[in-house]
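Following: one structure in structure tokens, then a few remarks.
The values are calculated or read from the model by the stated rules, or taken from the named source; none is laboratory data. Bear in mind the structure is a predicted one, so any value in this text is a computation, not a measurement. So basically every Cβ, Gly included, is an ideal-geometry build from the backbone, and we count neighbours across all protein chains shown.
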Amino acid sequence: MKAIKRLVLMLQFFTSIPIKLKLAANDEDFGKGLVFAPFIGLIIGAILATASYGLLFIFPRSMVAAIVVVLYIILTGGLHLDGLGDTFDGIFSNRSKERILEIMRDSRVGTNSVLAVVSVLLLDYVALSQINSAYFLRIILLMPVAGRVGSIIGASVSKYARQGEGLGKSFIDYCGRKELFWGLIIYIVISLLTFDYKIWIVLVLPPISAFLFVKGLSRKIGGATGDILGAVCELNQCIFVVLACAILV
């Protein structure tokens with residue numbers, strides 16, 4: 001029962017899918033619920049792939065790739081993109097740890113934020129539009145999975161950077177080795193079900209890139225935040241699509 005509640009909780013938090021259930025949840029539910037992040041990615045990917053399949057009867061593949069990027073933003077509410085922008089505004093401000101954390105919490109958008117978000121979305125679009133048509137729908141299905149495995153890896157190998165409460169504290173405090181293990185099992189099962197060794201090669205990189213991203217981004221502030229977990233998700237997803245473009249073109 002707890003597992004179902006946490007799965008629904010993750011769907012409500014990480015997507016804009018209208019699930020009108022009021023769940024009695026605590027910080028532990030959020031943190032341990034992150035184990036379902038790859039599966040949430042699969043649900044997002046399934047919606048995007050289904051929409052893409054229909055759109056391909058109307059539009060050329062390059063146009064469908066652009067629509068997929070827009071649908072992805074709508075379906076996720078731009079949650080992780082917001083984290084990406086805040087992270088780049090803070091980390092690349094060349095300020096002290098305290099000032100970086102203040103900037104990351106500031107709702108105003110800076111130059112680094114715009115550049116990061118635009119660059120990632122541009123790479124996502126171009127890479128998707130160039131992928132071999134035989135793999136197009138499968139990569140759309142899998143790219144949110146690759147992104148969200150980054151969130152669980154980022155949370156499980158980090159400590160919380162802020163003093164007091166914050167959006168990512170429950171994820172980082174309660175997502176541990178057990179959640180990482182089962183989250184990776186879910187990711188591996190999803191990967192194996194593609195039955196394609198070329199896609200397996202592409203899917204090997206996201207867990208590695210996620211670890212490197214979170215360690216690199218958290219170095220200046222001595223830990224991670226919810227924004228950094230969001231940034232790792234988007235960067236991971238982008239790396240996956242770009243690598244797929246290189247291998248599956």
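For the reader, a short list of remarks on this structure follows.
- Residue check for V189: free of Cβ contacts under 8 Å to residues at least 24 places away in the same chain and of a type in the set (A, V, I, L, M): yes
- Out of G216, G230, sole residue that is of a type outside the set (F, W, Y) and in contact (Cβ under 8 Å) with a residue 60 or more places away in the chain: G230
- Among the residues listed as Y187, Y197, the single one being surrounded by fewer than 22 Cβ atoms within 10 Å (Cβ to Cβ) and hydroxyl-bearing (S, T, Y): Y197
- Residue satisfying condition, being under 22 Å from A65 (Cβ atoms) and either of a type in the set (K, R) or buried (at least 23 other Cβ atoms within 10 Å of the Cβ) (or both), within set R95, R108, R162, R138: R138
- Filter result (within 17 Å of P207 (Cα to Cα) and either touching a His at 6+ places or on another chain (Cβ under 9 Å) or among the basic types (K, R) (or both)) within region 217-232: L229, G230, A231, V232
- Residue within region 145-164 that is of a type in the set (A, V, I, L, M), in a helix (DSSP H, G or I) and over 30 Å from E98 (Cα atoms) present: yes
- When R177 is tested against (1) more than 21 Å from V35 (Cα to Cα); (2) touching a helix residue (DSSP H, G or I) at 6+ places or on another chain (Cβ under 9 Å); (3) of a type outside the set (A, V, I, L, M, F, W, C), exactly one condition is not met: (1).
- Leading residue by the ranking (surrounded by the fewest Cβ atoms within 10 Å (Cβ to Cβ)) among those in region 1-60 that are touching a residue at least 24 places away in the same chain (Cβ under 8 Å) and among the β-branched types (V, I, T): I17
- Residue in region 205-217 that is in contact with a strand residue (DSSP E or B) (Cβ under 8 Å, 6 or more places away or on another chain), crowded, with 20+ Cβ neighbours inside 10 Å and either at pLDDT below 95 or under 25 Å from L81 (Cα atoms) (or both) present: yes
- The residue that is modelled with the lowest pLDDT, among those in region 97-109 that are of a type outside the set (K, R) and closer than 23 Å to K215 by Cα, is D106.
- Across region 74-97, the qualifying residues are those that are touching a residue at least 12 places away in the same chain (Cβ under 8 Å), in contact with an Asp or Glu (Cβ under 9 Å, 6 or more places away or on another chain) and not small (G, A, S), and the one among them that is farthest from V145 (Cα to Cα) is D89.
- Candidate set from region 81-96 (those that are closer than 12 Å to N112 by Cα and outside any helix (DSSP H, G or I)); member that is modelled with the lowest pLDDT: N94
- A count restricted to region 106-124 and to residues that are more than 27 Å from S62 (Cα to Cα), in contact with a Ser or Thr (Cβ under 9 Å, 6 or more places away or on another chain) and in a helix (DSSP H, G or I) stands at 1.
- Against the test of being in a helix (DSSP H, G or I), closer than 21 Å to D106 by Cα and in contact with a helix residue (DSSP H, G or I) (Cβ under 9 Å, 6 or more places away or on another chain), the options L184, L229 yield a single qualifying residue, L229.
- Inter-residue pairs, beta-carbon under 7 Å, first among the basic types (K, R) and in region 130-147, second surrounded by fewer than 24 Cβ atoms within 10 Å (Cβ to Cβ), 6+ apart: R138/T194; R138/I199
- Region 192-212, residues that are within 22 Å of L42 (Cα to Cα), without any contact (Cβ under 8 Å) to a residue 24 or more places away in the chain and part of a helix (DSSP H, G or I): L192, Y197, W200, V204, I208
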